[in-house]
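Q: Here it is: the structure, laid out below.
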Amino acid sequence: MNQAAQPSVLSLAQLLAQQPAAPPPCWIEPGLLPPQGILFVGGEPKVGKSLLVANLALALAAGSNRAGFTVSAARRVLVCQFELPTGQFVARLAAMRGSMGAAADNNLWWTRALRVTCSARRRDSITS
């Protein structure tokens with residue numbers, strides 16, 4: 001039997017129609033980061049992306065609730081920070097870390113040198 005190809009671009013209505021009745025549990029609730037997920041944050045300059053990422057990374061690495069997000073258990077976290085100078089990002093993490101102590105220290109990793117490659121076979125059909 002020949003199945004029709006699934007579209008690679010879906011409307012919100014189509015996405016909602018495909019959702020199971022009970023969503024799977026997430027690492028960060030409410031529904032922000034599923035266990036099989038990678039979270040990329042992007043947006044306009046000076047809207048708080050780095051503060052959001054630092055808060056989420058610390059909470060997930062420490063296994064603690066933070067900034068209104070519920071975290072069920074500590075996880076290893078890799079932060080790929082390409083915009084802020086290293087010293088500024090470290091100072092920000094150090095200030096935020098004060099309230100939780102060393103709980104995140106061995107689970108939170110940071111890099112500026114990450115290469116991401118995409119397979120041509122898995123490419124979206126959206127073109128500009």
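Q: May I ask you to list the trypsin sites (Lys or Arg not before Pro) in segment 57-99 that are in a DSSP loop and have at most 13 other Cβ atoms within 10 Å of their Cβ?
A: The qualifying sites are ARG76.
Q: Give, in nm to one decimal, the length gained when the segment between SER72 and ALA95 is fully stretched (0.36 nm per residue of separation minus the Cα-Cα distance).
A: 6.0 nm
No lab work stands behind these numbers, since they all come straight from the coordinates. Small disclaimer: the values here were computed from a predicted structure and weren't measured. Neighbour counts are summed over all protein chains in view; Cβ atoms, including those assigned to glycine, are modelled from backbone coordinates with ideal geometry.
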